[in-house]
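The values are calculated or read from the model by the stated rules, or taken from the named source; none is laboratory data. What you see is a predicted model, and the numbers here were worked out from it, not measured in a lab. In this analysis, Cβ positions are derived from the backbone assuming ideal geometry, glycine residues included, and neighbour counts consider all displayed protein chains. Protein only, heavy atoms only, side chains kept; ligands, DNA and RNA dropped before computing areas. Shrake-Rupley method; radii C 1.70, N 1.55, O 1.52, S 1.80 Å.
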Amino acid sequence: AGGPAPLLALTVALRTLNCFLVQTSFVPDEYWQSLEVAHRMVFRYPSRSPPNNYGHLTWEWANGLRGYSYPLIFASIYKALQLLAKDDVQLLIWVPRLAQAVLAAFADVKLYSLVRHLEHAETAKCVYFCQLCSWFTWYSCTRTLTNTMETLLTIFALSCYPIKGSKMGSSCKYLALIALAIVIRPTAVIPWIPLVFSHFLQEQRKADLILHNCIPVGLVTVGTSLIIDRVFFGEWVLVQLNFLKFNVLQNLGTFYGSHPWHWYFTQGLPVILGTHLPFFIHGCVLAPKRYRIFLTAVIWTVLVYSMLSHKEFRFIYPVLPFCMFFCGYSLKHLKAWKKSAASFLLLSNLVPALYTGLIHQRGSLDVMSHIQQLCNNSYQSQAFVFFMMPCHSTPFYSHVHCPLKMRFLQCPPDLTGNESYIDEADVFYSNPLGWLNKEFYNDTLLPSHLIFFSVLEQEISSFLALRGYEKTATVFHSHVPQGRVGSHIYVYRKKTEMNH
């Protein structure tokens, strides 16, 4: 690749392809903390609004744990589409993802340029190659997740970071990018603690750094974030503080499951690195002392996250670019073996990238196209769709875009300290049949459509038969059904009098 321009064009093309080859769902936050919020910000119809106000905000928003700065990006895209009268549901689904893909491409090229400055073109090519090969980056970088934005901003910030012995770097720029990442996801501060500390130690003009860079950047970003949240919450809220209080001090994240302390070391990092792992270890051994700070950032981040009981792969996604640096360094030094190693990396990442992107957990998105069809006929006003699934299993109005009546099982954590608290989804799953008979004791209340995982069918078959439901669609979801999540999703429709 020549200069950044042809490289950028190539990378944008690759990430666009990447975007269209990821048709699966990863975690609910992908929609519920970004697109659903943005959809509600732009398309609220108070005049003809169904009970849920054409958009649902999860409990985090009710408790001021999340800020509107990130959804605002997508709300701007939605607003532009609305003004152009192009707010078609397919565009609402794909344009935000394409925007994310283009940003990801810019970040890939930034990573290349950074290594080129620090080392030389050969190493930069190897790092860039490792970055493009990474199956987890392929799986995540075009998704509308705060973790994705946090990772991209980390790369941008890294490209302005004044690393020891290099002439480049801009304190103001990199601090502003970190501040932005922290506004979007407060945990973004974690990987940067050792880096900022190291910069502070080697900085001659320490007072200047604090007074002229840290403080102004901090005030501007916190101020902007506060104003954005003031506009949308209608009151002053410091979401970052609430977020930390909830996740760290009260440790309520355990509500979503807890893992052993070593999980990131034994599973988390090895899985997201995949076949890059041996290269990463080799690169750590080889790399010169001045890059030790990158390794420190990786180890420190994994250690800090290991102390929190709720663990997920995506939480450590922001350290992946640091790891890619070492992988590329290793690849560059494998002289005679370089070609074979590169082929191995490419082929071994292709399978997990395509499998997770095209097959695993695709039902949650596919089933939404069945619901979109209820929008374009006169039937819309009578339709009532009920998702009987673990809560937030599917996206919501951002993938339907018409004011259908929809409902799903709720599962907010208990914030009152009630020991015997059980959320609606758990109550439902403890006795599905009893719950349904009690909830829909009257035929007039019955949903027109029921959506649920195949594992539930047996248990509620008598309810379905008795109330006149028929299966209208079977949607593949996953080869590895677990617990309440089945291999398929079923769509059942209530037979109307006309059908009889």
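Mind checking which residues of the stretch 307-317 are without any contact (Cβ under 8 Å) to a residue 60 or more places away in the chain and either open to solvent by 50 Å² or more (accessible area, probe 1.4 Å) or of a type in the set (Asp, Glu) (or both)?
Once the filter is applied, which keeps residues that are without any contact (Cβ under 8 Å) to a residue 60 or more places away in the chain and either open to solvent by 50 Å² or more (accessible area, probe 1.4 Å) or of a type in the set (Asp, Glu) (or both), the stretch 307-317 yields only Met307.
Return the residue satisfying two criteria in turn: it lies in the stretch 318-363 and is of a type outside the set (A, V, I, L, M, F, W, C) and open to solvent by less than 10 Å² (accessible area, probe 1.4 Å), and of such residues it is nearest to Gly283 (Cα to Cα). Even if it seems obvious, please write down each step before you answer.
If we filter the stretch 318-363 for residues that are of a type outside the set (A, V, I, L, M, F, W, C), which is where we start, we get 318, 321, 328-330, 332-333, 335, 338-340, 343, 348-349, 352, 355-357, 360-363.
This time we only want the ones that are open to solvent by less than 10 Å² (accessible area, probe 1.4 Å), so: 318, 321, 328, 330, 349, 357, 363.
Values: Pro318: 18, Pro321: 13, Gly328: 7, Ser330: 4, Asn349: 19, Gly357: 28, Gly363: 39 Å.
Only one residue fits best here, namely Ser330.
Taking the condition in a helix (DSSP H, G or I), within 30 Å of Thr444 (Cβ to Cβ), in contact (Cβ under 8 Å) with a residue 60 or more places away in the chain and among the small types (Gly, Ala, Ser), does Ser398 pass? Don't jump to the end; show me each part of the working.
Values: in a helix (DSSP H, G or I): yes; within 30 Å of Thr444 (Cβ to Cβ): yes; in contact (Cβ under 8 Å) with a residue 60 or more places away in the chain: yes; among the small types (Gly, Ala, Ser): yes.
Against the criterion (in a helix (DSSP H, G or I), within 30 Å of Thr444 (Cβ to Cβ), in contact (Cβ under 8 Å) with a residue 60 or more places away in the chain and among the small types (Gly, Ala, Ser)), Ser398 qualifies.
What about Ala383, is it free of Cβ contacts under 8 Å to residues at least 40 places away in the same chain and open to solvent by less than 10 Å² (accessible area, probe 1.4 Å)?
Values: free of Cβ contacts under 8 Å to residues at least 40 places away in the same chain: no; open to solvent by less than 10 Å² (accessible area, probe 1.4 Å): yes.
So Ala383 does not fit the description; no.
In the stretch 144-203, what residues are aliphatic (A, V, I, L, M) and open to solvent by 30 Å² or more (accessible area, probe 1.4 Å)? Walk me through how you get there before you give the answer.
Narrowing the stretch 144-203 to residues aliphatic (A, V, I, L, M): 145, 149, 152-153, 155, 157-158, 163, 168, 175-184, 188-190, 193, 195-196, 201.
Answer for the stretch 144-203, where residues must be aliphatic (A, V, I, L, M) and open to solvent by 30 Å² or more (accessible area, probe 1.4 Å): Met168, Ala176, Leu177, Leu180, Ile182, Val189, Ile193, Val196, Leu201.
Considering only residues that are surrounded by 14 or more Cβ atoms within 10 Å (Cβ to Cβ) and over 14 Å from Pro71 (Cα atoms), which ones fall in the stretch 220-237? Reasoning before the result, please.
Step one: of the stretch 220-237, the residues surrounded by 14 or more Cβ atoms within 10 Å (Cβ to Cβ) are 221-222, 224-226, 228-229, 232-233, 237.
Hits for the stretch 220-237 are Thr221, Val222, Thr224, Leu226, Val237.
If we keep just the residues of the stretch 437-460 that are more than 18 Å from Val427 (Cβ to Cβ) and over 35 Å from the mean Cα position of the chain (by Cα), which is most open to solvent (accessible area, probe 1.4 Å)?
It comes out as Thr444.
Taking the stretch 352-381, which residues are touching a Phe, Trp or Tyr at 6+ places or on another chain (Cβ under 8 Å) and part of a helix (DSSP H, G or I)?
Pro352, Ala353, Thr356, Gly357, Gly363, Asp366
Every residue in the stretch 115-132 that is more than 11 Å from Met324 (Cβ to Cβ) and assigned to a helix (DSSP H, G or I), please. Before the answer, list the steps.
Looking only at the stretch 115-132, we keep the residues that are more than 11 Å from Met324 (Cβ to Cβ), and these are 116-125.
Once the filter is applied, which keeps residues that are more than 11 Å from Met324 (Cβ to Cβ) and assigned to a helix (DSSP H, G or I), the stretch 115-132 yields Arg116, His117, Leu118, Ala121, Glu122, Thr123, Ala124, Lys125.
Exactly one of (1) at negative phi; (2) part of a loop (DSSP other than H, G, I, E, B); (3) not aromatic (Phe, Trp, Tyr) is unmet by Asp426. Its number?
So the condition that Asp426 fails would be (2).
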